[in-house]
Amino acid sequence: MASRLRGRRRTPSPARRPRLPLRYLLPVLVLCATLAMLMLRGYVHSEILADHRIRPESAHDQVPAKILDGGPVIDTRGGAVTSLRIPDHRIVLTFDDGPDPTWTPKVLDVLKRHHAHAVFFVTGTMTSRHPDLVRRMVAEGHEVGVHTFGHPDLSYHSTRRIDWELSQSQLALAGAAGIRSSLFRPPYSSFADAMDDRSWPVTEYVGSRGYLTVVDDIDSEDWRRPGVARIIRNATPHGGKGAVVLMHDSGGDRHQTVQALDRYLSRLQQQGYAFQTVTEALKAPSADTPVSGLDRWKGKVWIFLVRAADDVTGALVAGLAVTGVLVLARFALMLLLAGVHARRTRRPDFRWGEESVTEPVSVLVPAYNEAKCIENTVRSLMRSEHPIEVLVVDDGSTDGTAGIVAALDLPNVRVIRQANAGKPAALNRGVAEARYDLIVMMDGDTVFEPSTVRELVQPFADPRVGAVAGNAKVGNKHRLIGAWQHIEYVMGFNLDRRMYDILRCMPTIPGAVGAFRRAALHRVGGMSDDTLAEDTDITMALHRDGWRVVYAERARAWTEAPESVQQLWSQRYRWSYGTMQAIWKHRRALFERGPSGRFGRVGLPLVSLFMVLAPLLAPLIDLFLVYGLVFGPTVKTIGAWCGVLAVQAVCAAYAFALDRERLTPLLSLPLQQILYRQLMYVVLLQSWITALTGGRLRWQKLRRMGGVAAPPAERNLSSPLRTG
């Protein structure tokens, strides 16, 4: 038995299909749904399908004589060719191109006042957008006819396109009023004797699909807006004859049409004319027949989706307006306040206190699997111009990080080993072990310039200062992603910090380069692991406790930015989600008094607007760029987008000038705005969804490449002007 069991082959368990996590799936679904709504909106508004070509008149050899000499109602159904005229003293008023939300209700009001009926040849696009007006037409006894979906000259198109124009129009009518119409009027049509060899095949084909084609006897030419008297004169038949009269209730300003219609109806009714629909005048069954069942529900769904697309687009347009205001407000504040900050801190007589800070400093380096970077980091500290001790807190590394530091055997460098407990715990352990009252914190992948620590601690000459933010820069900017992050760091982070410094609501001490007063850390309880952005959390806590948090632009640190999209995604996902957590954690500051209340009513709204809401809405600029390129107006869209880009370029150039950076990386700014911003948007959207769904995000360790070998000062770049 045992041998049989050993010989039996195991049936492999079916492989589990990988599932897309909800936090990735929801952003994808939101983006797809948004794009679908925009595409539907453009489709319904005929911005992509608009075809304004009009074929010039051609020969009419193939048109039957009885059509050319006949009446305005042409019946080619069932292979027959029949022409019908309107009886004497009957007028069929027809209105083309609607329904229009401004002019159609006014036309209907005039018709109702005179107890007159008419025929409205509506387009599918306008019917889809204004279904309530079509319902009113039917309810008040008017007849509705098909004027195609997008108003093209059908003589240019195939039978397949003609079928599509008709079926889409019927779908809209079914959804709007629950009817199907057998009346048809070709766009750009005229009198029966104007039928030519190009338009006649269309009339024949449409008849084979069950439609009665209606042209006109009299053109009021109201579309020219010739004046009320001229419209009435053009529309009046002679000798009591019946006629199909062409007017318009859409396509432009129709106030002359409305005014003329009122006088026209009064005058001709006094002359004994009756205003009827086509089928009333011909004593035929109504051309509008009810639809039910699946066709009715398809129409309802169509109208619902069109309305939803319009609502979504309207909301996006409002969001775009909000984005524009936020972006311009942010840029204006940054340009104004960053300049104030630069002028203030660069004055020859500017000092943080009466004396320079010369006391020794403890530098904490939390490290987890930083074997590729840690030696460069520690050696950069050994070149410091300020007296320091270095504490490398190894947080349970498995790659020999602690051993590398110990083997260096450098003076004033201590290695503290602990089981893996996370960065906040490592920093708190370092604070507890530090000898000095001023604490500098940095990341294990960062290198300092010789002057960094000295510049970073000078603001502590002011006893009100509890923490100082340094100037973090991208050290590995030789690749495209690194160059984009370099732009972001210089413009989006450091220019922001100048602004927040003036407003006294600095939101974040960067983990790569920051300094703290030990007393301030103790008062707020040290670094917390309540959020994934412990640097933002501690900064907000210090503000609420009444400490000043300032920015030291000369305290430069060079950090290793993520070099792959996946690593960048992980980092920014954690930052975004952690920032939201910190805002939520300190939300009570909105209602408190004193320093906490000031930060809550100034700092929290600014951080929420500029770091959470504005980045979430900013991609609308690019979304509407794509929409405008596809659906139009193309030139205006490109001009508007270039205007926004120009504003950003000016701000970026100003930020680079303040930081004494070369402008060369800004050549990639347009591409950064198109691609990088979309990635940041999806990351922020994912963070929102994670927060709203109650998800938890674990700390995500980035894979270091050791790409920042030494401070730029070691590469003969010690002058104030930095290289790009």
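The values are calculated or read from the model by the stated rules, or taken from the named source; none is laboratory data. Quick caveat, the model's predicted, so the values are computed rather than measured. All Cβ positions, even for glycine, are placed from backbone atoms using ideal geometry, and neighbour counts span all protein chains on display.
Assigned by TED's automatic domain parsing to the domain that holds P285, over 18 Å from L212 (Cα atoms) and either in contact with a Phe, Trp or Tyr (Cβ under 7 Å, 6 or more places away or on another chain) or aromatic (F, W, Y) (or both): does that describe A116? Steps first, please.
Values: assigned by TED's automatic domain parsing to the domain that holds P285: yes; over 18 Å from L212 (Cα atoms): yes; either in contact with a Phe, Trp or Tyr (Cβ under 7 Å, 6 or more places away or on another chain) or aromatic (F, W, Y) (or both): yes.
So A116 passes the test.
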Across (1) surrounded by 24 or more Cβ atoms within 10 Å (Cβ to Cβ); (2) under 36 Å from the mean Cα position of the chain (by Cα), I162 clears everything bar (1)
Just one listed residue, out of D100, D75, D61, is within 28 Å of L320 (Cβ to Cβ) and of a type in the set (D, E, K, R), and it is D100
Going through (1) closer than 19 Å to E534 by Cα; (2) surrounded by fewer than 21 Cβ atoms within 10 Å (Cβ to Cβ) one by one, M442 fails only at (2)
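Yes/no per residue for (1) of a type in the set (D, E, K, R); (2) in contact with a Leu (Cβ under 9 Å, 6 or more places away or on another chain):
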residue	(1), (2)
Q259	no, no
S266	no, no
Q270	no, no
A281	no, no
A287	no, yes
K300	yes, no
L305	no, yes
A309	no, yes
V312	no, yes
Exactly one of G98, G175, G150, G145 is in a strand (DSSP E or B) and buried (at least 19 other Cβ atoms within 10 Å of the Cβ), and that one is G145
Within segment 406-436, the residues that are in a loop (DSSP other than H, G, I, E, B), farther than 21 Å from A519 by Cβ and out of contact with any Gly (no Cβ under 7 Å at 6 or more places or on another chain) are D409, L410, P411, N412, A421, G422
Here the residues within segment 582-602 that are farther than 10 Å from R544 by Cα and either hydroxyl-bearing (S, T, Y) or buried (at least 19 other Cβ atoms within 10 Å of the Cβ) (or both) are A582, I583
When (1) without any contact (Cβ under 8 Å) to a residue 40 or more places away in the chain; (2) over 20 Å from Y188 (Cα atoms); (3) within 41 Å of the chain's Cα centre (by Cα) are applied to E140, the one that fails is (3)
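Based on this model, can you work out whether V357 counts as aliphatic (A, V, I, L, M), over 39 Å from the mean Cα position of the chain (by Cα) and assigned to a loop (DSSP other than H, G, I, E, B)? Don't jump to the end; show me each part of the working.
On the way: aliphatic (A, V, I, L, M): yes; over 39 Å from the mean Cα position of the chain (by Cα): yes; assigned to a loop (DSSP other than H, G, I, E, B): yes.
Considered against the rule, which asks whether it is aliphatic (A, V, I, L, M), over 39 Å from the mean Cα position of the chain (by Cα) and assigned to a loop (DSSP other than H, G, I, E, B), V357 comes out as yes.
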Of all helices (runs of 4 or more DSSP H) fully inside segment 580-640, the set with 3 or more residues that are closer than 21 Å to T313 by Cβ, in contact with a helix residue (DSSP H, G or I) (Cβ under 8 Å, 6 or more places away or on another chain) and of a type outside the set (V, I, T) is 614-617, 620-631
Of the candidates T559, T579, T539, the one satisfying the condition of being crowded, with 20+ Cβ neighbours inside 10 Å, β-branched (V, I, T) and modelled with pLDDT of 90 or more is T539
For segment 112-131, pairs from a residue that is under 14 Å from V144 (Cα atoms) and at pLDDT 95 or above to a residue that is part of a loop (DSSP other than H, G, I, E, B) and among the aliphatic types (A, V, I, L, M), with Cβ under 9 Å and 6 or more apart or across chains, are V119/A287
Condition check for R90: over 37 Å from the mean Cα position of the chain (by Cα) and either polar (S, T, N, Q) or on the phi < 0 side of the Ramachandran plot (or both)
yes
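Within segment 489-530, can you find the residues that are hydrophobic (A, V, I, L, M, F, W, C) and outside any loop (DSSP other than H, G, I, E, B)? Talk me through it step by step, then tell me what you get.
To start, the set of residues in segment 489-530 that are hydrophobic (A, V, I, L, M, F, W, C) comprises 490-491, 493, 495, 499, 502-503, 505-506, 509, 512-513, 515-516, 519-521, 524, 527.
Selection gives V490, M491, F493, L495, M499, I502, L503, A515, F516, A519, A520, L521.
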Sole miss for A555 among (1) touching a Lys or Arg at 6+ places or on another chain (Cβ under 7 Å); (2) among the small types (G, A, S); (3) within 20 Å of F448 (Cα to Cα) is condition (1)
Of the candidates V138, V122, the one satisfying the condition of being out of contact with any Lys or Arg (no Cβ under 9 Å at 6 or more places or on another chain), surrounded by fewer than 24 Cβ atoms within 10 Å (Cβ to Cβ) and of a type in the set (V, I, T) is V138
When (1) over 13 Å from R129 (Cα atoms); (2) crowded, with 19+ Cβ neighbours inside 10 Å; (3) not assigned by TED's automatic domain parsing to the domain that holds R351 are applied to V327, the one that fails is (3)
- Answer yes or no as to whether H543 is free of Cβ contacts under 8 Å to residues at least 24 places away in the same chain and of a type outside the set (K, R). no
R379 passes all but one of the listed conditions (1) more than 28 Å from V607 (Cβ to Cβ); (2) not in a helix (DSSP H, G or I); the exception is number (2)
Being touching a residue at least 24 places away in the same chain (Cβ under 8 Å), assigned to a helix (DSSP H, G or I) and either assigned by TED's automatic domain parsing to the domain that holds F631 or surrounded by fewer than 19 Cβ atoms within 10 Å (Cβ to Cβ) (or both) narrows P105, P87 down to just P105
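Which residue out of A426, A342, A371 is on the phi < 0 side of the Ramachandran plot, surrounded by 14 or more Cβ atoms within 10 Å (Cβ to Cβ) and touching a strand residue (DSSP E or B) at 6+ places or on another chain (Cβ under 6 Å)? Working first, answer last.
Details: A342 fails: touching a strand residue (DSSP E or B) at 6+ places or on another chain (Cβ under 6 Å); A371 fails: touching a strand residue (DSSP E or B) at 6+ places or on another chain (Cβ under 6 Å).
Going through A426, A342, A371 in turn, just one is on the phi < 0 side of the Ramachandran plot, surrounded by 14 or more Cβ atoms within 10 Å (Cβ to Cβ) and touching a strand residue (DSSP E or B) at 6+ places or on another chain (Cβ under 6 Å): A426.
Restricting to segment 631-686, and then to whatever is among the hydrophobic types (A, V, I, L, M, F, W, C) and in contact with a His (Cβ under 9 Å, 6 or more places away or on another chain), can you tell me which residue is nearest to R347 (Cα to Cα)? First the steps, then the outcome.
Step one: list which residues in segment 631-686 are among the hydrophobic types (A, V, I, L, M, F, W, C), which gives 631, 635, 638, 640-642, 644-647, 649-653, 655-658, 663, 666-667, 669, 671, 674-675, 679-680, 682-685.
Then drop every residue that is not in contact with a His (Cβ under 9 Å, 6 or more places away or on another chain), which leaves 631, 658.
On the way: F631: 53, L658: 14 Å.
That would be L658.
Within segment 531-544, how many residues turn out to be of a type in the set (S, T, N, Q) and in a helix (DSSP H, G or I)? Outline the logic, then answer.
The initial filter retains those residues of segment 531-544 that are of a type in the set (S, T, N, Q), namely 531, 536, 539.
Within this subset, residues satisfying the condition of being in a helix (DSSP H, G or I) are 536, 539.
Going through segment 531-544 one residue at a time, the tally reaches 2.
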Residue pairs qualifying under the 9 Å Cβ cut-off, at least six apart or on distinct chains, with the first in segment 275-298 being over 14 Å from G145 (Cα atoms) and of a type in the set (S, T, Y) and the second being surrounded by fewer than 20 Cβ atoms within 10 Å (Cβ to Cβ) and at pLDDT 95 or above, are S292/G178
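Of the residues E488, E433, E455, E449, only one is free of Cβ contacts under 8 Å to residues at least 60 places away in the same chain and assigned by TED's automatic domain parsing to the domain that holds V340; which? Lay out the reasoning, then the answer.
Working: E488 fails: free of Cβ contacts under 8 Å to residues at least 60 places away in the same chain; E455 fails: free of Cβ contacts under 8 Å to residues at least 60 places away in the same chain; E449 fails: free of Cβ contacts under 8 Å to residues at least 60 places away in the same chain.
Going through E488, E433, E455, E449 in turn, just one is free of Cβ contacts under 8 Å to residues at least 60 places away in the same chain and assigned by TED's automatic domain parsing to the domain that holds V340: E433.
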Scanning segment 178-192 for residues that are small (G, A, S) and surrounded by 22 or more Cβ atoms within 10 Å (Cβ to Cβ), the one farthest from V73 (Cα to Cα) turns out to be S181
Can you find even one residue in segment 470-484 that is within 29 Å of P360 (Cα to Cα), assigned by TED's automatic domain parsing to the domain that holds A557, at pLDDT 90 or above and assigned to a loop (DSSP other than H, G, I, E, B)?
no
